[in-house]
Amino acid sequence: MTENEVAKIIVDAAFTVHTRLGPGCWSQSMKQSWSMNLEKEGCL
């Protein structure tokens with residue numbers, strides 16, 4: 001996997017989490033959403 005592919009996965013995960021949960025603090029639910037998105041993409 002190239003650096004650009006990894007970066008795209010991370011940015012896409014951030015966008016998805018932000019869209020679903022909205023802007024806000026770095027809460028536990030935000031961390032869990034990030035983890036689930038990155039696991040789904042095979043990054044964790």
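In the set (i) 1.14; (ii) 1.18; (iii) 2.22, the label that goes with Cα Rg over 2.2 N^0.38 Å computed for this structure is (i).
How much length would be gained if the chain were fully extended between residue 18 and residue 3, taking 0.36 nm per residue of separation minus their Cα-Cα distance, in nm to one decimal?
Extending this stretch completely gives an extra 3.2 nm.
If you take every residue apart from residue 39 with its C-beta less than 14 Å away from the C-beta of residue 39, what net charge results, scoring Lys and Arg +1 and Asp and Glu -1?
Summing Lys/Arg as +1 and Asp/Glu as -1 gives 0.
Available extension along the chain between residue 11 and residue 43 is 10.3 nm, counting 0.36 nm per residue and deducting the alpha carbon span.
Here, each number is a calculation from the coordinates, and none is a lab measurement. Just so we're clear, the structure is a prediction, and the values are computed from it rather than from any experiment. We place every Cβ from the backbone using ideal geometry, glycine too, and count neighbours over all the protein chains shown.
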